[in-house]
1. Answer yes or no: is there a residue in the stretch B:306-316 that is outside the structural domain of B:GLN131 (by TED's automatic domain parsing), loosely packed, with under 14 Cβ neighbours inside 10 Å and outside any loop (DSSP other than H, G, I, E, B).
2. It is to be established whether one or more residues within the stretch A:246-256 are touching a residue at least 12 places away in the same chain (Cβ under 8 Å) and within 28 Å of the chain's Cα centre (by Cα).
3. Give all pairs with beta carbons closer than 6 Å in which a residue from the stretch A:139-153 that is in contact (Cβ under 8 Å) with a residue 40 or more places away in the chain meets a residue that is outside any loop (DSSP other than H, G, I, E, B) and among the small types (Gly, Ala, Ser); count only pairs at least 6 apart in sequence or on separate chains.
4. Can we say A:GLU275 is away from chain B (no Cβ under 14 Å), part of a helix (DSSP H, G or I) and more than 25 Å from B:TYR428 (Cα to Cα)?
5. Working carefully through the options A:LEU268, A:LEU241, find the one that is touching a residue at least 40 places away in the same chain (Cβ under 8 Å), within 14 Å of chain B (Cβ to nearest Cβ), under 29 Å from A:GLN123 (Cα atoms) and surrounded by 13 or more Cβ atoms within 10 Å (Cβ to Cβ).
6. Which one of these is free of Cβ contacts under 8 Å to residues at least 12 places away in the same chain and not basic (Lys, Arg): B:ASP460, B:ASP447?
7. Quick check on B:THR478: is it more than 14 Å from chain A (Cβ to nearest Cβ) and among the β-branched types (Val, Ile, Thr)?
Amino acid sequence: MSEIERDDVTGVATTGHEWDGIKELNNPLPRWWVWTFYATIVWSVGYTVAYPAWPLVSSATTGVLGYSSRAEVNQELAAADAARSDYVDRIAASSVEDILADDELRQFASAAGAAAYRVNCVQCHGSGATGSAGYPNLNDDDWIWGGSVEEIRQTIAHGIRFDGDLDTRFSGMPAFAGVLPNQEIARIAAHVVSFSGEPSSAELAQEGASLYADNCAACHGEAGEGGRDFGAPSLADAIWLYGSSEAEIAAQIRAPHHGTMPGWAARLGDATVKELAVYIHTLGGGE
Amino acid sequence: MVTVYDSSAAVERIDAQAINSAHIRQPLYAPRRKIFPKRVQGTFRRFKWLVMLVTLGIYYLTPWIRWDRGPHAPDQAVLVDLANRRFYFFLVEIWPQEFWLIAGLLVMAGFGLFLITSAVGRAWCGYACPQTVWVDLFLAVERWIEGDRNARMKLDAAHWSARKIVMRVGKHTIWLAIAMATGGAWIFYFADAPSLLDSFIHGTAAPVAYITVAVLTATTYTFGGLMREQVCTYMCPWPRIQAAMLDENSLTVTYNDWRGEPRSRHAKKAVAAGRTVGDCVDCNACVAVCPMGIDIRDGQQLECITCALCIDACDGVMDKLGRERGLISYTTLADYNANMAIASANGSTAPDPARIRDADGKLRLDLSLFSIRSMFRFRTAAYLLAWSLAGLLLLYGLLMRDRLEVNVLHDRNPQFVLLSDGSIRNGYTVKLLNKVPEERVIIVSLDGLEGATMNAVGVDGPAARSFAVRAAPDQLRTLRVLVARPADRVDRPSEKFRFVIEDRASFETDSYTATFEAPRP
């Protein structure tokens, strides 16, 4: 072992390392730093014993304190559920009409429904529940399957044209392409427009009257008022799911679009479906 | 001829040294030098006891004052109800949106502090600051248990003994008890005091109550008992700000060296040797009593909190010597300069005591001494005006504020809804603020927007131009209001109208201008 070299200027020992004549002084770390460092090592040993730390083949050590962040989340979720349980139990036990009539329950259900809506419904009906072509606006007062809160609940619970539920809302308008010639379909379209507005030609609309009566009135009504029993939309109001122009109406007569919605009862549970129904109802169009 | 008093027998010199003297001042991060302030008696000491009594009395007793506000509001005179977001102060109840009143009070406090400082210097620091008051209290406890300055110094230097342990444990126990009472009193401002005290004692109070008490106990004990003057010197910004508030007419605690210098411990000998002597006998009484541990004779210093205890100490010594009081006094810089000019013949020589005394040895009559007039000047008048203006505006705002308010939010999405009959509907969130602790019936109606009708979710009745709802005492009621207008009346994409609310019992009304949106024609 060679003798330790000391720096002439400072009197501090060098490490013996030298680069281009520059020598490295061997100043020790401050004691407080070193002791803090040792303390963290001691702490880390205790920590890995107390908390989950060491990876094993398919899991990890659980730690003597038995702490788990997943268990903590579950605990917090359970606590949140317990905090809401009073309201949720009452909602589960009440009819939607009763919920609507009770100020406190309605407010809770409406807020909870809004949260459920944002997760499950916005994808089709939009964040403002305004829908879009083919997806109904839930704010307005035009309801194909009924706008009372119970009817809304029924629709949400069982869906529309949903394969997975025998109680689902179902309607199927036949496609008239090939059944009626295009000229006749155009006349029917003109007649349909005349229920609520000005057709492109009054003559055309007049010619469509008998065709409408023969082919459409059974479901949509003599004056186009629609029939909720069959899920036949009103043709006499200002709201059109697939467009209001004669061309769009004619296209719908030739080959109707049939929108679908899954039934949510199995997935969300009765209470959440009720909350959703109350929320949709209080958007303003509820009957 | 200067009269020389035989002072050596009457006044004992105290071995005291200012902690910040230039010749012993250490570099930064030097350990603290302990201070053992000596007991003192006198006018300012009595005044400080009085201020302590009043301020502590206000602090500890206020939460226990009861104030009847009827069945729907708490009966505590001063209450910050964080849970319900209300602040009660005797006759006044404010909601969070009226917090500007508090901001106004802070503006007043600011101007008040400027006013006080420019008139009488750091009076806040010396008398009313909680740090000063609690340190004073802690020192009184220390003195009661361990004795006065010399006894405490001796005890501090002594080895640990049973006596020292008992004294120290006793002192710190009482300090902690005071600290805990301080923190304890604080939480009573935030909840009903009697019931909180009960639940606090039985261990059933909210955790935040215990945490608050623990934190305030720790800070009070640390700041008041252990750190003391260091808080003022190193932590508090006010000593640095005050320089901007002071001018040559502000009263500050001043050592009048124009009459004290040259100081002499052995005045008789010095005179016999033909030297001039001032009034200061260099007894160090002013240093020994100083809670900040400084020597006021070194001139104005940022450490000085102007508690005026050195004035009391020096006045006592002057009384003993039969000389005029006021060697250390509340003095303005202007007065001091005028007197110094006399004593030093306009700065041509060192101060000579002979110049300020007449032939009989009395202080000359043309010396500038304390005058109340120094407090009345443009600066203080301006501060007073600003303070009064802020106060009057606050009072006006308080008296004229609405106790019934309406706020309206238009739905963001959708902006409007087309209904099946072609009419257009807009949705609004209408908030009714009933700020009195009584239930009211509030009538909400539309003003403008001809032909429109409205419904509120959860309020029965046909669509109409107005409806009535109940608003619970001291509560906000949120309504979802749907305003619909027939297609033939909608001619503009955006039209202003007002929601008007009215309490027909008290004739209070309020309104909110909202917008009715519609598709472009």
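The values are calculated or read from the model by the stated rules, or taken from the named source; none is laboratory data. All values derive from a computational prediction rather than experimental measurement. Neighbour counts are summed over all protein chains in view; Cβ atoms, including those assigned to glycine, are modelled from backbone coordinates with ideal geometry.
1. Looking for residues that are outside the structural domain of B:GLN131 (by TED's automatic domain parsing), loosely packed, with under 14 Cβ neighbours inside 10 Å and outside any loop (DSSP other than H, G, I, E, B), one finds none in the stretch B:306-316, hence no.
2. Yes, some residue in the stretch A:246-256 is touching a residue at least 12 places away in the same chain (Cβ under 8 Å) and within 28 Å of the chain's Cα centre (by Cα).
3. A:VAL149/A:ALA277; A:ILE152/A:ALA277; A:ARG153/A:ALA277
4. No; evaluated as a whole, the condition is false for this residue.
5. A:LEU241
6. So the residue among B:ASP460, B:ASP447 that is free of Cβ contacts under 8 Å to residues at least 12 places away in the same chain and not basic (Lys, Arg) is B:ASP460.
7. no
Here is a yes/no grid of residues against (1) away from chain A (no Cβ under 14 Å); (2) touching a residue at least 40 places away in the same chain (Cβ under 8 Å):
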site: B:ALA354; (1), (2): yes, yes
site: B:GLY361; (1), (2): yes, yes
site: B:ARG379; (1), (2): yes, yes
site: B:LEU385; (1), (2): yes, no
site: B:SER420; (1), (2): no, no
